[in-house]
Structure formats: C-alpha cells, structure tokens
1. Would you check which residues across the stretch 100-128 are closer than 14 Å to N142 by Cβ and hydroxyl-bearing (S, T, Y) and list them?
2. Going by what's in this entry, would K151 be described as open to solvent by 20 Å² or more (accessible area, probe 1.4 Å), assigned to a helix (DSSP H, G or I) and either acidic (D, E) or closer than 22 Å to A88 by Cα (or both)?
3. Among (1) buried (at least 20 other Cβ atoms within 10 Å of the Cβ); (2) farther than 15 Å from F144 by Cβ; (3) of a type in the set (S, T, Y), which single condition is S46 missing?
4. I'd like to know if the stretch 162-185 contains one or more residues that are not polar (S, T, N, Q) and not in a helix (DSSP H, G or I).
5. Considering only residues that are closer than 13 Å to C175 by Cα and open to solvent by less than 20 Å² (accessible area, probe 1.4 Å), which ones fall in the stretch 61-83?
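The values are calculated or read from the model by the stated rules, or taken from the named source; none is laboratory data. What you are looking at is a predicted structure, and each value in this text was computed from that prediction instead of being measured. Glycine gets a Cβ as well: all are built from the backbone with ideal geometry, and neighbour counts include every protein chain shown. The protein model used for the area step is the full one, side chains on, heavy atoms only, and it has no ligands, DNA or RNA in it. Shrake-Rupley method; radii C 1.70, N 1.55, O 1.52, S 1.80 Å.
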Amino acid sequence: MGISCITRNTNCILPFLLLILIITPSSSSLSPKDIVTKELLNKFCSGSDITNPNLCLKWLNRTTSISINGLINLTVKETREFGLKNQALMSKLARSSGKDPNLKGSYEACVDSHGQAIKELEKAQKFLSSSSFKQAVSAISNAFDKASDCKDAFEGPSNEPPMVANRIEDFTFMCYIDWSLASLVN
C-alpha cells in the first residue's frame, strides 16, 4: 500500500507546512481574544489542509464559547497528554516485544520521538502563556516533526499493531491541528 509523502516522509513535511503558511490568506488570521464558534470550527476543520475533518470536528466541537487563545492552549495541553499516554504505551510495548529486535527498535524510537515532541509541546505551552505565538508555532511545528519521526520508525512492511498505528497517526494529526490553529493567530 503506498503511503503519501505527507504522511510518511518527514523530508517533505517542512516544505509542505511552509507552502500552507504562504498560501494561507492573512484575512484568515484571528485575534487571540476572538471567540470560538461552531461556524469557525466548521470552517477550520473543513479547510483543504485538514486531512480528517470528522476527527477535527469531533475533537474541537466541544470547545465553543472560549477564546482562540484558550482553544489553542487547550488543544496543546490535550495533545501533550495524549502524547504522554502514547509514550507510556510504546515503552510498555518495547519491553514486551519479545524476540523481534526490529519491532522493539521501532517502539524505542517512538518513545524517544514522543519524548521530544512532548518537550516541544511544553515549550509551546510556555510561549502561549506569554502570548509569543510565533515561537509557539515554531515549537508546535517541531512537535509535529518529532511525532512524524515515530511514524517513520515503522517504515517498510508494517509490523505495528493497527491500534498503535492509529494512535501514532492521531498524535501526529493532533500536533498538526495545534500548529494550524496557532498559525491563524496574528
């Protein structure tokens, strides 16, 4: 099964992200104090760069009537917490992977990349608390890259259980949503 460059190859992710930044019209920028509405979330989640609008809406729809800044802080916090759970799962799976050194190595690489992504999300939280949105966007972008490294650890014949693949994909997607939201703030 072919996997697109954007979902598996981290070498093409940065140019893709930069392209999105360039083509995102400045009129779509928001103030941190703007209030989140269902219409805003529908528009954001149905954007052409959101690959899973249903998951986006499911995750964000419960967050109306708060500020954009509050939404970004909340999503980064939840993404970090999900990453911590993934990291713990990968650590457990690495210890119990038996005699398959490739699988154990993939899990250990994910433990490391999740740890780096979590540190970047923690940096983003600090930047967001001081309204340093450009620095927060950079930290979230780094977290997205690190989350993608975990997906890359399973490159080749897929030997990770589907539940693991789904959790890795969800964490990467959550980082991307965080980045997309933070990128809208001027």
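1. If the condition is that a residue be closer than 14 Å to N142 by Cβ and hydroxyl-bearing (S, T, Y), then S113 is the only one that fits.
2. Numbers: open to solvent by 20 Å² or more (accessible area, probe 1.4 Å): no; assigned to a helix (DSSP H, G or I): yes; either acidic (D, E) or closer than 22 Å to A88 by Cα (or both): yes.
The answer is no for K151.
3. (1)
4. First, the residues of the stretch 162-185 that are not polar (S, T, N, Q): 162-165, 167-171, 173-179, 181-182, 184-185.
If we keep only those that are not in a helix (DSSP H, G or I) too, we end up with 184-185.
Yes, some residue in the stretch 162-185 is not polar (S, T, N, Q) and not in a helix (DSSP H, G or I).
5. Answer for the stretch 61-83, where residues must be closer than 13 Å to C175 by Cα and open to solvent by less than 20 Å² (accessible area, probe 1.4 Å): I72, T75, V76, T79, G83.
Every residue, every condition in (1) of a type outside the set (A, V, I, L, M); (2) open to solvent by less than 30 Å² (accessible area, probe 1.4 Å), yes or no:
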site	(1), (2)
A117	no, yes
K123	yes, no
S130	yes, no
A136	no, yes
A143	no, yes
P162	yes, no
I168	no, yes
Y176	yes, yes
A182	no, yes
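Residues are listed down the side, and each one gets a yes or a no for (1) within 20 Å of the chain's Cα centre (by Cα); (2) at pLDDT below 85; (3) of a type outside the set (F, W, Y):
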{"position": "I13", "(1), (2), (3)": "yes, yes, yes"}
{"position": "S27", "(1), (2), (3)": "no, yes, yes"}
{"position": "K38", "(1), (2), (3)": "no, no, yes"}
{"position": "D49", "(1), (2), (3)": "yes, yes, yes"}
{"position": "L60", "(1), (2), (3)": "yes, no, yes"}
{"position": "I68", "(1), (2), (3)": "yes, no, yes"}
{"position": "L74", "(1), (2), (3)": "yes, no, yes"}
